[in-house]
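Q: Just dropping this structure here.
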Amino acid sequence: MGHGIALLQKNPNKGRAPSGNMMRVATLLTALCLLLSATIGVHAGEGEGGEDVNPGDDVPFTVLERTTPSQDNTPWTLSVALEQEAVDNGTTLQITTQICLNSGVCDPPVNQDADVSDDGSTYSMELKPPSDHSYVNWRIKATYADDTNENYPSGDWYKTWSSCYYEEGGYGGVHADGDRCNLPGSGESEGFLPAAGLLTALAAMVGATVVGVARRR
């Protein structure tokens, strides 16, 4: 019996709940994830200067990849996936984009020639915004099996703001520098993650941190 008592004393934490420190780390990182997901963008019709406008939950597709912010002369990527039910029903998508400049002038909308996956579920495209652009507008037209169609958003655009935009008499964005833009040299990029990839990377960091704390105990 004495041996049994000694064994219990050597493992005082066996069966106990995680320590307060570990719980605090997990709580802090979870809160950070929620804050980031809330600040990545807003739904159509709700945006203000510098706030991306993204699809809500009432669309038949999911955004797989969207580079944010957009950057002058650097590839901007968009990839969306149809819901399986829409694929089975023969629904197809058309991505349309529009570039707007810091001067206030917007180029005519362009119907993009997207790359479509073999199963017809994923639509991907890439464009390179010009110098001094303010934001990239984009929308999607869904065409159904009966040849009717619907625009998302209806009568509006989703929007990705650039890394340096002019709004209400001043410049904003990560590359704004006082009364001008200060972007990386030609061909260089800040290594912006697509919106979906950013959340995935942060989730991986949360998991690794929690596991690391657990192993140190």
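The values are calculated or read from the model by the stated rules, or taken from the named source; none is laboratory data. If you're wondering where the values come from, they're calculated on a predicted model, not measured in any experiment. So basically every Cβ, Gly included, is an ideal-geometry build from the backbone, and we count neighbours across all protein chains shown.
Q: Looking at (1) under 22 Å from the mean Cα position of the chain (by Cα); (2) at pLDDT 95 or above; (3) within 21 Å of LEU93 (Cα to Cα), find the lone condition where ALA196 falls short.
A: (2)
Q: If I filter segment 100-158 down to residues being of a type in the set (Val, Ile, Thr) and in contact with a Ser or Thr (Cβ under 8 Å, 6 or more places away or on another chain), which single residue comes out as nearest to ASN182 (Cα to Cα)? Working first, answer last.
A: Of the residues in segment 100-158, the ones of a type in the set (Val, Ile, Thr) are 105, 110, 116, 122, 136, 140, 143, 148.
Cutting the leftovers down to in contact with a Ser or Thr (Cβ under 8 Å, 6 or more places away or on another chain) gives us 110, 116, 122, 136, 140, 143.
Numbers: VAL110: 28, VAL116: 36, THR122: 35, VAL136: 19, ILE140: 32, THR143: 42 Å.
By that ranking, first place goes to VAL136.
Q: If you take the residues in segment 69-94 that are surrounded by fewer than 18 Cβ atoms within 10 Å (Cβ to Cβ) and among the charged types (D, E, K, R), which one is nearest to the chain's Cα centre (by Cα)?
A: Among them, the one singled out is GLU83.
Q: So, in segment 24-83, how many residues would count as being modelled with pLDDT of 95 or more and assigned to a strand (DSSP E or B)?
A: 17
Q: Given the criterion touching a Gly at 6+ places or on another chain (Cβ under 8 Å), among the charged types (D, E, K, R) and part of a strand (DSSP E or B), identify the matching residue among LYS159, LYS141.
A: Numbers: LYS141 fails: touching a Gly at 6+ places or on another chain (Cβ under 8 Å).
Matching residue, one of LYS159, LYS141: LYS159.
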